[in-house]
Amino acid sequence: MIWRRFVDGRGAPALTFAWAAGEATVWWVPADYLLAALVLGHRRRWPSLLGACVGGMAAGGLVSLTAARARPDAALAVVRGVPGVTPARLDRVRSLLGRHGTAALLLQPVSGIPFKAWAAVLGPTDVPLVVSAPALLSARAARMAGTALLAQLVARSAQRAVERWQAR
């Protein structure tokens with residue numbers, strides 16, 4: 001009941017927004033994990049939780065992309081200290097961009113390489129922010145929507161199973 005009260009209140013969207021903004025900058029735990037846990041806690045609230053998650057990701061993502069553009073060396077130095085960002089992963093982003101051009105940006109959510117690494121690699125390139133931001137952010141938003149929908153479906157199925165068990 002405590003979890004449900006938290007999810008029903010203002011704290012859950014605020015935490016989701018902050019977590020997603022942090023993940024796009026320096027936090028290493030994906031916001032999708034929190035989003036899924038919150039949606040499982042209250043499946044009818046998934047649209048507002050998804051909105052907070054996408055909004056936080058967009059805010060943090062724009063900060064990362066803008067900072068990497070303004071100070072590429074500093075951005076790379078910061079992300080190298082983040083768990084999950086390795087020289088090999090940074091090289092993989094460069095390779096994907098070299099091979100697929102800006103279309104590679106759509107691969108970020110399924111690449112296993114954190115957004116902040118992509119932003120740092122994009123900093124010194126000639127890929128304009130008006131191209132990189134919409135591509136990266138829309139692809140990530142689609143992944144987050146998939147996470148929220150999957151969690152909502154799991155919660156619905158679990159509720160039905162509990163109701164069937166109680167009806168026995």
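The values are calculated or read from the model by the stated rules, or taken from the named source; none is laboratory data. As the structure is a prediction and not an experimental result, all values here were calculated from the model. Glycine gets a Cβ as well: all are built from the backbone with ideal geometry, and neighbour counts include every protein chain shown. Remember, those area values only see protein heavy atoms, side chains included, never the ligands or the DNA or RNA. Shrake-Rupley method; radii C 1.70, N 1.55, O 1.52, S 1.80 Å.
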For region 1-88 the chymotrypsin sites (Phe, Trp or Tyr not before Pro) that pass both the DSSP coil test and the at-most-12 other-Cβ-within-10 Å test are TRP28
Counting only protein heavy atoms with a 1.4 Å probe and every protein chain in place, the carbon and sulfur fraction of the accessible surface of region 1-167 in whole percent equals 66
Region 8-166: relative contact order from alpha carbon pairs under 8 Å, six or more residues apart, as a whole percent, is 31
Between ALA37 and ASP126, Cβ-based FRET efficiency (R0 41 Å, step 0.05) works out to 0.55
When the charge dipole of the chain is computed with +1 on Lys and Arg Cβ and -1 on Asp and Glu Cβ about the Cα centre, the Cα farthest towards its positive end, among GLY61, PHE17, TRP27, belongs to PHE17
Ranked output for segments 71-82, 104-115, 143-154 by mean other Cβ atoms within 10 Å, highest leading, reads 104-115, 143-154, 71-82
In whole Hz, the Karplus estimates of ³J(HN,Hα) for region 123-139 (6.51, -1.76, 1.60; θ = phi - 60°; x where Gly or Pro) are x, x, 7, 9, 6, x, 4, 5, 9, 5, 4, x, 5, 5, 5, 5, 5
Under the Karplus relation with 6.51, -1.76 and 1.60 and θ = phi - 60°, whole-Hz ³J(HN,Hα) for region 66-75, x at Gly and Pro, equal 5, 5, 5, 5, 6, 9, x, 5, 5, 4
The correct ranking of ARG10, ARG5, ARG89 by accessible area at 1.4 Å, largest first, is ARG10, ARG5, ARG89
Around LEU38 (Cβ within 14 Å, Cβ-to-Cβ, excluding LEU38; K/R +1, D/E -1) the net charge comes to +4
Note to self: with every protein chain in place and a 1.4 Å probe, region 1-85 gives an accessible area per residue in Å² of 51
Here the net charge surrounding LEU149, from other residues whose Cβ is less than 14 Å away from its Cβ (Lys, Arg +1; Asp, Glu -1), is +4
